[in-house]
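What follows is one structure encoded as C-alpha cells, with my remarks underneath.
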Amino acid sequence: MFDKSKEIPISADHGGYEMKQYLIEKLSERGYKLIDMGTFSKESVDYPDFIHPLAKAVNDQEYELGIILCGSGNGAQMTANKYSNVRAGLAWDKKQAELTKQHNKANILSLPGRFLDFNDAVEIVEVFLNTEFEGGRHNRRVEKISQKS
Ligand code: RB5
C-alpha cells in the first residue's frame, strides 16, 4: 500500500486542469498529500512548461511518484519521458494503470483529462499508487528501456 505520508506532485496544462483540481480534492479527502505544480487556471498554456518541473523532480528523486495530465495524456507523457529516470505511463482505465506499474515500473502516471470520467480518474490514480512493481523478468525489460542502439 502507498505510504500516504509521502508527497505526490501533480501538474497539468489547461486540458487537464479541471481533472487535476478534482483529483486534488478527492484524493486529499482520502488522505493523500498532493503537491499542486500548476497550471492554476483554465487559461491556455503549453504543457511542457508544467510537466518538465514535475518530471525533473521525480527524475532527481525528490518524489517517488507523480501524476501528470493534458487533454490527451500524450504530450504530457512524451515530455516526462525525456528524463532518464522517468518512466511515464499513459492510462485510461484501472487495468492500464495497474499494468504500467506492475510491468513497466512507471513512476509517473499520465492521464487524458479530456477523455475520462472524473470519478474514474480518481480510482485510476489510486490503483496506480497502490500497485507494486512485479520485478522478476520485468526487471530485465525495464533495464533495457534506456539502452540505445
Ligand atoms: C491542448 O489543447 C492539448 O493539445 C494538450 O492538452 C494535449 O492533449 C497534448 O498532448
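Throughout, read-outs are computed from the coordinates displayed, never taken from laboratory work. Every value quoted in this text rests on a predicted model; they were computed, and no experiment measured them. Using ideal geometry, Cβ is built from the backbone for each residue, glycine included, and neighbour counts are taken over all protein chains shown.
Figures for the structure shown
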| read-out | value |
| --- | --- |
| Cα-based shape type of segment 75-134, given that a ≥ b ≥ c are square roots of the gyration tensor eigenvalues and the cut on a/c is 1.5 | oblate |
| Dipole magnitude of the chain, debye to nearest 20 (Cβ charges: Lys/Arg +1, Asp/Glu -1, about Cα centre) | 700 debye |
| Where Cα atoms sit under 17 Å apart: lysine pairs in segment 52-149 separated by 8 or more or lying on different chains | 8 |
| Computed lengthening from H138 to E64, 0.36 nm per intervening residue step minus Cα-Cα distance | 24.7 nm |
| Candidate aspartates and glutamates - alpha carbon under 16 Å from K42, same-chain residues fewer than 8 apart omitted | D13, E18 |
| For peptides 90-101, 62-73, sequence by mean Cβ density within 10 Å, most packed first | 62-73, 90-101 |
| Ellipticity estimate at 222 nm from DSSP helix runs (n ≥ 4, -39,500 (n - 2.57)) divided over the chain, nearest 500 | -13500 deg cm²/dmol |
| Fraction of antiparallel bridges per DSSP, the chain only, in percent to nearest 5 | 0 percent |
| For segment 1-41: rounded, prolate or oblate by the Cα gyration tensor [a/c cutoff 1.5] | prolate |
| Residue order, fewest to most surrounding Cβ atoms within 10 angstrom, among M1, M78, M19, M37 | M1, M78, M37, M19 |
| Positive-end residue of V86, H14, N139, charge dipole of segment 3-149 with Cβ unit charges | N139 |
